[in-house]
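The values are calculated or read from the model by the stated rules, or taken from the named source; none is laboratory data. Note that this is a predicted model, so its numbers are computed, not measured. Here the Cβ positions follow ideal geometry from the backbone for every residue, glycine too, while neighbour counts run over all protein chains shown.
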Amino acid sequence: MKYLALLAISIFTFSLMGCTRSDADIKDQSSNSQNKTSTTRTEVTKTEITAPLTKSDKETSTKNTANNNMEKSQNTAGGNETKSSATSDTAVFAAGCFWCIEAIFQDLKGVQGVEPGYAGGTVENPTYKEVCTGTTGHAEVARIIFDPSKITYDELLEVFWTTHDPTTLNKQGNDVGTQYRSAIFYKNDKQKESADASKKNVATQIWSNPIVTEISPLKTFYTAEDYHHSYYNNNQNAPYCQFVINPKLEKFRQKFHDKLK
């Protein structure tokens, strides 16, 4: 009984405090004896996310992921992009935590894939730990691969404005820092024109406060580490997914029910 009482108090206290990215239940899957061929994403512990970045961390991350990222996922504006074809296009949005962005946009008809990553910074091949320090200049972003014959860039922009708060500078809920800023990274002049027009004509109809969303050219997109991909799908019982992502998904699905897969 004492244990149940303490558990109930803990849950109540957590609900009052709110949930931040640092509170996310990012469990260590090493105890499950997973290996590189496993289909379940490898995850990291809270300690691994918040611990100071060491030289060893940088070297290991760079050797294991950065080189592959450059080959398969580093793209300059206007260049050929992985998974793009004559029937697909890409959009890159920053709207706070990329776990949230991926969970939302993957549900839309016409969206062929969503890749969490980093853009808008000055450091090459950034790691998650580096981006979390807020010193690399990168934002957490999602690259959305979509079929423009089924869903347009303008429609994606409407979802973007609706599913995050573009009036708060470098902040989404309890997630605070430049890495959580609101931003649209365009790859050509057409996307820039669409983003500018949508910001002026659509966003202002949804939000009464001034829009602070950055609209910048996409210079380089870096794919995030594997454990961030399909994070919501693989961790729906985690506190961050339950207390932050689920409420956003519910509102999104109610608003855009006719556009869901």
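Per-structure values
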| item | result |
| --- | --- |
| Test: residue in region 189-208 that is touching a residue at least 40 places away in the same chain (Cβ under 8 Å) and within 17 Å of the chain's Cα centre (by Cα) | no |
| Residue within region 229-241 that is free of Cβ contacts under 8 Å to residues at least 12 places away in the same chain and assigned to a helix (DSSP H, G or I) present | no |
| Given (1) modelled with pLDDT under 60; (2) farther than 27 Å from Lys190 by Cβ, number of the condition Cys97 does not satisfy | (1) |
| Tally of residues being farther than 21 Å from Trp207 by Cα, of a type in the set (Val, Ile, Thr) and touching a strand residue (DSSP E or B) at 6+ places or on another chain (Cβ under 8 Å) across region 140-177 | 4 |
| Test for Leu260: is it surrounded by 15 or more Cβ atoms within 10 Å (Cβ to Cβ), touching a residue at least 60 places away in the same chain (Cβ under 8 Å) and within 18 Å of Glu155 (Cα to Cα) | no |
| Members of region 137-156 found to be within 17 Å of Pro116 (Cα to Cα) and surrounded by 17 or more Cβ atoms within 10 Å (Cβ to Cβ), listed by number | His138, Ala139, Glu140, Val141, Ala142, Arg143, Ile144, Ile145, Phe146, Leu156 |
| Gln205 modelled with pLDDT of 95 or more, crowded, with 21+ Cβ neighbours inside 10 Å and either among the aliphatic types (A, V, I, L, M) or assigned to a helix (DSSP H, G or I) (or both) | no |
| Qualifying residue in region 192-201 (condition: among the hydroxyl-bearing types (Ser, Thr, Tyr) and either modelled with pLDDT under 95 or within 30 Å of Thr133 (Cβ to Cβ) (or both)) | no |
| Pairs where the first residue, in region 113-130, is under 22 Å from Thr90 (Cβ atoms) and the second is surrounded by fewer than 19 Cβ atoms within 10 Å (Cβ to Cβ) and among the basic types (Lys, Arg), C-beta under 7 Å, 6+ apart | Gly113/Lys83 |
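Quick grid of which residues meet (1) in contact with an Asp or Glu (Cβ under 7 Å, 6 or more places away or on another chain); (2) more than 29 Å from Lys192 (Cα to Cα); (3) surrounded by 17 or more Cβ atoms within 10 Å (Cβ to Cβ):
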{"site": "Asn209", "(1), (2), (3)": "no, no, no"}
{"site": "Thr220", "(1), (2), (3)": "no, no, yes"}
{"site": "Thr223", "(1), (2), (3)": "yes, no, yes"}
{"site": "Lys255", "(1), (2), (3)": "no, no, no"}
